[in-house]
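Structure below; questions to follow.
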Amino acid sequence: MTKSPWSGSGRDTPRTPASTPGRDSPWGTRARTTPPAAASSRPTPAAASADESGEDRRELRLYGRNAIEAVFARRPEAIRKLYLLEARIPQLQPMLKWCAAHRVGYRVVGEDDLRKLAASTHHEGIVAEVLREAPLSLGDWLQALPEGPACALWLDGVGNPHNLGAILRSAAHFGVGAVLLPREASLALSGAAARVAEGGAEAVRFVRLGRDENALAQLRSAGFELAATVVRGGEDLFEAALPPRLIYVLGAEGEGMDAALAEACDIKLGIPGSGAVESLNVASATAVLLAQWRQQHRA
């Protein structure tokens with residue numbers, strides 16, 4: 001079996017299919033995705049969170065203090081309702097005063113109710129319903145992008161919400177401009193991903209791509225090069241001269257990224273290691289990749 005450059009866990013792990021001999025790309029045929037079933041957007045304390053649904057959902061249920069405070073800091077008008085433990089009232093006074101002034105309802109609930117609302121024990125004493133932020137088009141993102149160095153992530157197959165959250169946190173930390181999503185991908189922000197991102201979900205925009213070939217042409221016209229991580233034949237990440245405008249293409253889960261997209265990348269990079277473990281998972285690999293680009297292109 002071909003070794004992945006990232007995770008050996010089998011989840012969020014780009015792999016070359018065994019039926020494609022001789023390819024250095026760690027990605028294979030694009031996995032089919034099925035949109036999740038629709039669910040009610042109105043929470044009750046007895047209802048489990050339904051925030052794993054796709055972008056057609058108008059509202060998103062968030063939990064975790066940093067995730068919700070990041071929304072309040074950037075776009076408070078998106079908040080529709082709050083649920084919180086009584087013990088959180090003193091720490092959340094600015095948010096609660098804003099809610100009262102703008103007629104946004106909030107309710108003090110018990111621990112069990114909050115856990116059911118979040119469908120998690122990691123709610124940190126607060127749950128919020130907020131409006132989803134619609135993804136940008138690639139053209140709109142490129143038009144607003146300032147000149148100079150820029151880095152973004154093209155996610156082709158990443159679906160695990162905890163990996164997505166960790167990727168968003170790293171992207172925010174290193175000043176990544178956007179996360180690019182293939183046209184047919186069902187990936188969307190969830191409450192679990194936003195909590196793991198610790199506020200990073202508000203700092204990184206999602207961009208919806210069109211056809212792969214059109215997206216590639218638009219990105220290259222804007223001066224970007226695309227980089228894929230490969231098992232063999234790639235440049236050592238720590239020795240490579242990374243271009244100032246770079247898109248890291250990351251594949252994951254099952255069959256992973258489309259093989260043609262991997263072949264279309266301009267650069268092939270490898271992340272060397274000790275060999276004591278098979279590889280890094282996709283979220284950890286992303287942090288390493290971004291740190292190396294940032295080290296070479298500090299503002």
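When you scan the range 56-157 for helices (runs of 4 or more DSSP H) that lie fully inside it, which ones turn up with 2 or more residues that are over 24 Å from GLY175 (Cβ atoms) and modelled with pLDDT of 95 or more?
Hits in the range 56-157: 93-101, 111-118.
Those residues that are touching a Lys or Arg at 6+ places or on another chain (Cβ under 8 Å) and hydrophobic (A, V, I, L, M, F, W, C), I need them from the range 119-141; list them, please.
Of everything in the range 119-141, those that are touching a Lys or Arg at 6+ places or on another chain (Cβ under 8 Å) and hydrophobic (A, V, I, L, M, F, W, C) turn out to be ILE126, VAL127, ALA128, VAL130, LEU131, LEU136, LEU138, TRP141.
Mind listing whichever residues of the range 170-203 are part of a helix (DSSP H, G or I) and either polar (S, T, N, Q) or out of contact with any His (no Cβ under 8 Å at 6 or more places or on another chain) (or both)?
Correct list: SER170, ALA171, ALA172, HIS173, GLY191, ALA194, ALA197, ALA201, GLU202.
Need a quick list: strands (runs of 3 or more DSSP E) entirely within the range 221-299 having at least 2 residues that are among the acidic types (Asp, Glu) and at pLDDT 90 or above.
none
Moving on to the next point. Testing HIS123 on (1) out of contact with any Leu (no Cβ under 9 Å at 6 or more places or on another chain); (2) surrounded by 22 or more Cβ atoms within 10 Å (Cβ to Cβ), one condition comes back false. Which one is that?
It is condition (1) that HIS123 fails.
On to the next question. Quick one: would you say VAL179 is among the β-branched types (Val, Ile, Thr), in contact (Cβ under 8 Å) with a residue 12 or more places away in the chain and not assigned by TED's automatic domain parsing to the domain that holds GLN218?
Spelling it out, it is not the case that VAL179 is among the β-branched types (Val, Ile, Thr), in contact (Cβ under 8 Å) with a residue 12 or more places away in the chain and not assigned by TED's automatic domain parsing to the domain that holds GLN218.
Since VAL277 meets every condition but one in (1) farther than 30 Å from ARG74 by Cα; (2) in contact with a Pro (Cβ under 6 Å, 6 or more places away or on another chain), which condition does it not meet?
Exception for VAL277: condition (2).
The values are calculated or read from the model by the stated rules, or taken from the named source; none is laboratory data. What you are looking at is a predicted structure, and each value in this text was computed from that prediction instead of being measured. No Cβ is skipped: glycine too gets one built from the backbone with ideal geometry, and neighbour counts run over all protein chains shown.
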